[in-house]
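A quick write-up on the structure given underneath.
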Amino acid sequence: MSQTLQKIEFIKKKYIFYHGSDYKLPYFVPLRTVPSEKRIYIKKNNEVPSNIWFALGIRGAGKSSFLEYLGELYIRCGVSVIDIFGSRDGEGLAWLRSPWAKVLNILILHSPALRIQTYWKNIRVIPYSRFSHAMTEEYDLIISAAPLYTSMKEEYDAINYIIDRLFERKQWKRPAYMLVREAARLLYSRIRAYKDQVVAKAQYISLIREFRHMGISMGLDTQKFTSVDLDVRTQVDYLVIKNLGNHKLPDDLRWIYAFISPEALISLEPQEYIILSRTGLLGTGIFPYPKWHKRPGEDIMEYVPLVIKN
């Protein structure tokens, strides 16, 4: 662990997030502050702002687990969480073995070609074609995952359908948080839908920009920051930097090396992170790594209350 991160062990109650005095939050050490910002809030004055969170790091750096932890914080604020992107091994289904699984009102979306059953009364299972944006008001957690589809093509079709329905969300009473694992896949799904890469890219950028006006926060991750379009990167409210491996920060972020050494950025543990806000607040911290997060090599379907029948 770097010397910067070791300081965290000696600082009490410097929180990166705040949503109530009854919940202990991760330690946060500000390295550079701005007059308007000394903490980073998910909930303040009974309001939940619509933010874009972007996690950057190599495979296994803890990007998805950080976005899941954000999801837990949003759930505690009464926000509907939508997890519709993930790896082919269905990491989004790990929510169903979390402590939240038995207490939340959960909606599972799947292929119309499959019959999927659950015996848990708090879980509803429907074909993705029956999804509507109004369901984000009713359900605490909405999941669409690869093992619930017959092919990758069908999963992408489902993702596009879900995104299009969310884009119809003009009025709402309940904010939502959409978790997108690997941001480039969202663009690829739009290319498949529109066939024209230029049109798809413009529509993709529009989604990122407009979702905040629909009360939807987004948590995205990528292994390479520059692989995401500049027009999308400029929309980011909070950049979360994880272990970068042999990748370097892009030129416009090299100033961070004045506060954090390159060696520190390649030795971060999965529960450690660096964070940069849109206004320039820079800090480092630790979050509680979700114990329920899917581990490499395991069959998540063995641990969740779903049965797939062809």
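Go ahead and collect, in residue order, the members of segment 66-106 whose backbone nitrogen is under 11 Å from a label point 7 Å along the Cα-Cβ direction of residue 117. Under 11 Å, as judged by backbone N against the label point of residue 117, lies no residue of segment 66-106. Using only side-chain charges placed at the Cβ, +1 for Lys and Arg and -1 for Asp and Glu, the dipole size of segment 28-116 relative to its Cα centre rounds to 160 debye. Which trypsin sites (Lys or Arg not before Pro) does segment 240-287 hold that lie in a coil by DSSP with at most 15 other beta carbons within 10 Å? Passing sites in segment 240-287 are 248, 278.
What is the packing order of peptides 97-107, 137-147, taking the mean over residues of other C-beta atoms within 10 Å and listing the highest first? Numbers along the way, then the final one.
Working: 97-107: 16.6, 137-147: 21.4.
In descending order of packing, they fall as 137-147, 97-107.
Where the convex hull is taken over the Cα atoms of segment 45-151, what is its projected area averaged over directions, in nm²? If you can, show how the numbers build up before the last one.
Details: hull surface 31.7 nm².
About 7.9 nm², averaged over all directions.
Given 0.36 nm per residue, what is the gain on full extension from residue 137 to residue 252 after removing their alpha carbon distance, in nm?
37.5 nm
Full extension of the chain between residue 103 and residue 168 yields a length gain of 20.6 nm, computed as 0.36 nm times the residue separation minus the alpha carbon distance.
Using the structure shown, select from 43/153; 38/102; 170/242; 170/294; 121/170 the pairs with a Cα to Cα distance greater than 32 angstrom. It would help to have the intermediate numbers written out before the result.
Numbers: 43/153 37 Å; 38/102 36 Å; 170/242 34 Å; 170/294 34 Å; 121/170 30 Å.
The answer is 43/153; 38/102; 170/242; 170/294.
Since every read-out is calculated from the coordinates, none of them should be taken as a lab result. Bear in mind the structure is a predicted one, so any value in this text is a computation, not a measurement. Heads up, the Cβs are rebuilt from the backbone with ideal geometry, glycines too, and the neighbour counts pull from every protein chain shown.
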